[in-house]
Amino acid sequence: GKEQLSYAALNARSNQLAAYLQSNYTVGKDKVVAILMDKSLDYLVSILAVLKSGSCYLPIDSNHPDTRKAYMLKDSGAVLLLSKESYTSTLSITNLPMVDISKVELDSYSKENLDITIKGNDLAYMIYTSGSTGVPKGVMIEHSGNVNMSLDQVRIFGVDQQDVVVWFAAVGFDASVSEIMMALYSGATLAIPSSGMLKDKDRFVSFLNETKASVVTFPPSYLSLLRLEEIAGLRAVITAGEAAQGSKAYEIAASGKEYYNAYGPTECSVCVSVYKYKSENGILQNVPIGAPIANTRLYVLDADLKKVATGVWGELCVSGVGLSRGYIGKEALTAEKFIANPYEEGEKMYRTGDICRWNTNGELEFKGRKDTQVKLRGYRIELGEIESVVSLQEGISQSVVVLHGEGEVQDLACYVVLDKQSTLDVEALKASLTEALPEYMVPTHYMALEELPLTINGKVDKKRLPAIDFKTENYVAPSTETEHKLVKLWSQVLGIKEEAISVNKNFFELGGNSIKAMRLFILIKEQFEITITLKKLYNYVSVKSMSKYIELFIVEADQDEYLEFEI
């Protein structure tokens with residue numbers, strides 16, 4: 001059965017939890033309360049309770065490595081952890097009280113709203129983003145920024161009580177704030193899919209239909225998996241987190257749906273600009289990120305912070321109520337990124353590091369980064385953070401990580417220079433990185449070099465890094481018709497040459513991930529006209545085993561268990 005909660009019950013339950021927190025712990029203004037659990041109604045109650053107690057909430061993703069969770073809890077100065085035993089059994093944290101949300105007795109606490117004053121410049125939430133020095137950094141968002149973004153998104157996307165908004169984003173990712181608040185601020189229904197459901201397209205499409213979902217925010221790479229008829233029930237499609245795909249945006253807009261492309265750094269309360277796609281413009285090569293939301297000013301500036309002309313690329317800088325207070329415990333970095341706004345007396349301005357320009361319609365277009373930050377499947381990643389973790393590993397003297405491939409077949413590639421006596425053990429390296437980094441930050445491809453190519457200035461010359469070579473000495477060519485067909489499909493999905501795919505090689509070692517597995521799954525169903533479950537596909541990870549399974553093709557009804565892996 002599906003658990004449901006009315007707004008009245010949600011308010012009462014979160015009031016009781018807020019009163020409990022206030023009575024038993026030192027919570028309140030600018031105190032950080034961490035929440036560690038998966039998306040659920042309990043999570044929603046916890047967020048509201050923390051805010052109602054006047055405190056700041058810190059969402060922690062349960063899929064992250066324990067070392068990263070512990071770092072965030074310590075670095076944020078969290079005074080309390082709201083969680084459940086199943087999520088904390090492996091965490092070694094001392095001196096931090098924990099409330100098990102599934103066991104706490106709240107009946108004796110009042111269901112009425114607390115008598116508490118919250119100011120616009122009090123902290124609302126803290127989100128950790130990848131940091132270039134090897135540790136993530138905590139961004140402190142104030143209530144005024146959160147309220148401004150939430151109210152204006154409701155207005156721009158036209159969300160009302162009739163809508164069903166899907167909570168798609170992972171909890172530690174600030175897009176989740178916008179999804180939750182969009183529903184709460186408009187009285188819409190918030191539909192919460194499990195993380196396992198998002199990893200199986202067919203189950204997710206059924207979820208969209210069953211819940212009568214009408215508004216969803218997708219990373220473009222996930223949206224590209226869905227056919228138009230699979231999202232037929234949606235009223236509005238929003239993309240964010242990475243560059244939108246013009247052909248997909250056009251297809252959706254031309255079908256009569258609303259398509260919005262939203263943009264914003266975590267440091268500026270989720271979203272600073274939105275573009276509504278107009279189908280009469282045809283397929284745009286570069287889908288704009290649009291015009292600023294309310295109470296937000298956007299500037300495109302040159303290296304001397306002077307405004308550039310329309311059509312000229314420069315760095316996007318943001319000013320307005322959405323600006324965060326900066327990074328917790330990182331005053332120097334805060335001062336470097338949040339500078340005085342030369343165009344508005346007494347205002348701060350955030351330097352995004354994103355290269356943008358104004359087009360002739362007064363809309364912003366995004367080109368890329370001026371540093372080593374990248375976006376992969378919606379996640380913001382500082383390549384320097386991965387490099388510093390790689391360089392700590394035994395036997396490695398230097399490393400460089402780059403984004404490899406284009407469009408739908410992008411992933412991370414890691415080049416290392418080894419100590420004289422060392423050899424590259426890819427499996428061991430991946431295993432140690434998995435203990436220190438979230439799954440989406442662990443590189444897919446690895447290559448050892450004698451030395452890193454350098455520019456005249458002594459920096460790593462990424463353009464001269466050799467192409468990752470997949471051809472191995474134990475290459476086995478496809479021999480059956482099914483194997484030949486599968487190699488073609490693998491090549492298409494992985495973005496590598498057919499001759500690089502040995503039939504014994506593991507799909508994930510060749511650059512496969514959850515999104516690519518779903519894409520392959522769709523192609524196999526079309527090519528061989530079979531109904532196969534995604535779970536089954538995960539049992540056959542080489543071309544050889546997969547083709548044997550397809551040739552035997554046993555229909556198995558067992559469709560309920562799903563492997564957990566990162567989106």
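Bear in mind these aren't lab numbers, they're just calculated from the coordinates by the rules spelled out. Predicted, not measured: the structure shown is a model, and the values here were computed from it. Counting neighbours? That spans all protein chains shown, and the Cβs are built from the backbone with ideal geometry, glycine included.
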For this session: Using only the C-alpha atoms of segment 1-118, find the volume of their convex hull and express it per residue in Å³.
Result: 107 Å³
Problem set entry | Candidates per GluC sites (Glu not before Pro) in segment 365-437, loop by DSSP, up to 11 other Cβ within 10 Å | Glu394, Glu406
Problem set entry | Ser194 paired with Met447, simple spin-label distance in nm, labels 7 Å along Cα-to-beta-carbon | 4.1 nm
Problem set entry | Span from the segment 1-77 Cα centroid across to the segment 317-341 one, whole angstrom | 26 Å
Exercise. How about segment 50-159: which GluC sites (Glu not before Pro) there lie in a loop by DSSP and see at most 14 other Cβ atoms within 10 Å?
Worked result: Glu105, Glu112
Seminar exercise, completed: Measuring from its Cα centre, the chain shows a charge dipole (+1 at each Lys and Arg Cβ, -1 at each Asp and Glu Cβ) which, in debye to the nearest 20, is 820 debye
Exercise. What's the center-to-center distance, using Cα atoms, between segment 223-266 and segment 395-457 in Å?
Worked result: 33 Å
For this session: For the chain, just the Cα atoms, rotate onto the principal axes and tell me the three extents in Å, largest first.
Result: 73, 61, 58
Exercise. In units of 2.2 N^0.38 Å, what is the alpha-carbon radius of gyration of segment 481-552?
Worked result: 0.96
Problem set entry | Low-density loop positions, chymotrypsin sites (Phe, Trp or Tyr not before Pro), segment 207-285 - DSSP coil, at most 16 other Cβ in 10 Å | none
Seminar exercise, completed: Unit-weight point scatterers at every alpha-carbon of segment 137-371, Debye formula, q = 0.11, 0.16 1/Å: log10 I(q)/I(0) is -0.57, -1.16
Exercise. Relative contact order of the chain: what whole-number percent is it, with Cα pairs under 8 angstrom and at least 6 residues apart?
Worked result: 10 percent
Exercise. Taking a threshold of 20 Å on the Cα-Cα distance, which of the pairs Lys74/Lys430; Lys201/Lys505; Lys31/Lys330; Lys430/Lys525; Lys497/Lys544; Lys69/Lys535 fall above it?
Worked result: Lys74/Lys430; Lys201/Lys505; Lys430/Lys525; Lys69/Lys535
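Using a Förster distance of 41 angstrom, determine the FRET efficiency expected from the C-beta separation of Glu363 and Lys212, and round it to 0.05.
Numbers: r = 32 Å, r/R0 = 0.79.
Approximately 0.80, to the nearest 0.05.
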Problem set entry | Dimensions in Å of segment 387-437 - Rg and Dmax from alpha carbons | 11.8, 38
Exercise. How far is helix 201-210 tilted off the main Cα axis of the chain, in degrees rounded to 10, range 0 to 90?
Worked result: 40 degrees
Exercise. Hey, with R₀ at 25 Å, roughly what FRET efficiency would Glu427 and Tyr538 work out to, going by the Cβ-Cβ distance, to 0.05?
Worked result: 0.85
Exercise. What ³J(HN,Hα) values, in whole Hz, does the Karplus curve 6.51 cos²θ - 1.76 cosθ + 1.60 give for segment 368-383 when θ = phi - 60°, with x put for Gly and Pro?
Worked result: x, 9, 9, 9, 9, 7, 10, 10, 10, 6, x, 8, 8, 10, 8, 4
Exercise. Hey, what's the Kirkwood Rh for segment 379-464 if you take every pair of different alpha carbons, in angstrom?
Worked result: 13.4 Å
